[in-house]
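Below: one structure, written as structure tokens.
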Amino acid sequence: MGNLPLSPDSIRSIALETGFDLVRFGPADPGEHGDHFVRWLEAGRNGEMHYLAENRDRILAPATWRSGVHSAIALAVDYGGPAGELPGGGRVARYAVGRDYHRWLRERVFTLRQRLEAAGVPYGSMNGGTDAVPVLERALAARAGIGFLAKSAMVISPTHGPYLQLAELLTGMELPPDQPAPGSCGTCTACLTACPTQAIVAPFEVDARRCLSYTTIELRGFAAPELREKQGEWLFGCDICIEVCPFTRRSQRRDVLGLDRPNELQPHRIVQTWTLVDVLTMDEARYQSEFTGTAMRRATRSGLRRNAAVVLGNRGDDAALPTLVEALLDEDPVVRGHAAWAIARIAPGHASLDLALAREYDAQVAAELRAALDR
């Protein structure tokens, strides 16, 4: 290893001062995890996340797009805390409760890069981000010792648990790699048992097409009918495989509430004030103006409204029927179709379904209405 412009201890210290809870050094490539990734893609378990297949070669070999890269500075922030729930029901994955991590975590990575450059690391010699750079973040985190790979395919830190937001800086420096994190899942299979859709098809193997974190966020269009009841209360994402993990008690922020939490982890106003009916009935203008600064935008307005209809149906609340009946006239066929499903869950054979079928012109919505009438 050549001379470093900064000592590894100095790099680690600056990263911790910048606000990261865990800082480790490791290889810049995914190593053996790359083969697993290729098999996963070939099995089609990425669903509609075509960008993963399109960037496969770049993901497997970061040096092909970041010349001279040698090491990864793997970074993590513990976002553990209370469950996210809208007033009156509807759950949001914990990582999406606060500010959009794409923004605040990326800003933190950029700040770290600037501080390292100011301390002597050559300008332009690092490339980093979070959930946007073509790398396998969990693989880099595991190889660097941030944590061990769990049977849920998450990364678990032995000191901070599984509620981790991951980021990385790829660098031309040859940093001494840290040791792998101690620990493992052992014989525990709580996440496999608890997954409501059996998306964890085997230890360390998740089929995204069945995972609620995919179907409520990444999936566009109609949700598979057989997964809707299993969606339960989840409006955006899912935390179940983490919630049942014994390592959640290691989270340093699990019991840190209210204003004692970092600003970026405090609940977004949507989570604090909106209801499922608000989500279902929001127009484009309200979506654009109020869903700013939240990761929930990733699901799109159509997807969020679809999800709200499914959750209202699963809750079985008669008070939601008028709103769902009105949604049968919505311009979005996805919303109309899922409103029909929800109405049938709450009030089988409701007269609005026959009326809607008589005027419906979209074949897929008509099929949803017929299925709803057959319930």
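Here are the numbers for the structure shown:
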read-out: Residues of the range 71-91 classified as surrounded by fewer than 16 Cβ atoms within 10 Å (Cβ to Cβ) and more than 30 Å from residue 317 (Cβ to Cβ), total; value: 0
read-out: Which numbered condition residue 250 misses (of (1) in contact with a strand residue (DSSP E or B) (Cβ under 7 Å, 6 or more places away or on another chain); (2) modelled with pLDDT under 95); value: (2)
read-out: Selection count where residues are part of a helix (DSSP H, G or I) and either surrounded by fewer than 16 Cβ atoms within 10 Å (Cβ to Cβ) or out of contact with any His (no Cβ under 8 Å at 6 or more places or on another chain) (or both), scope the range 328-363; value: 22
read-out: Residue in the range 142-149 that is part of a loop (DSSP other than H, G, I, E, B), at pLDDT 95 or above, within 18 Å of residue 174 (Cα to Cα) and not β-branched (Val, Ile, Thr) present; value: yes
read-out: Residues within the range 222-255 that are in a helix (DSSP H, G or I) and under 15 Å from residue 82 (Cβ atoms), tallied; value: 4
read-out: Members of the range 155-177 found to be part of a loop (DSSP other than H, G, I, E, B), more than 21 Å from the chain's Cα centre (by Cα) and hydroxyl-bearing (Ser, Thr, Tyr), listed by number; value: 159
read-out: Which numbered condition residue 72 fails, given (1) farther than 23 Å from residue 206 by Cα; (2) not in a strand (DSSP E or B); value: (2)
read-out: Number of positions in the range 92-120 that are surrounded by fewer than 22 Cβ atoms within 10 Å (Cβ to Cβ) and not in a helix (DSSP H, G or I); value: 4
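Residue by residue, here is whether (1) free of Cβ contacts under 8 Å to residues at least 40 places away in the same chain; (2) part of a helix (DSSP H, G or I); (3) more than 27 Å from residue 52 (Cα to Cα) holds:
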site: 153; (1), (2), (3): no, no, no
site: 179; (1), (2), (3): yes, no, yes
site: 209; (1), (2), (3): no, yes, no
site: 213; (1), (2), (3): no, yes, no
site: 220; (1), (2), (3): no, no, no
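The values are calculated or read from the model by the stated rules, or taken from the named source; none is laboratory data. What you see is a predicted model; the values in this text were computed from it and never measured. Quick reminder, even Gly has a Cβ in these numbers, built from the backbone with ideal geometry, and neighbours come from all protein chains shown.
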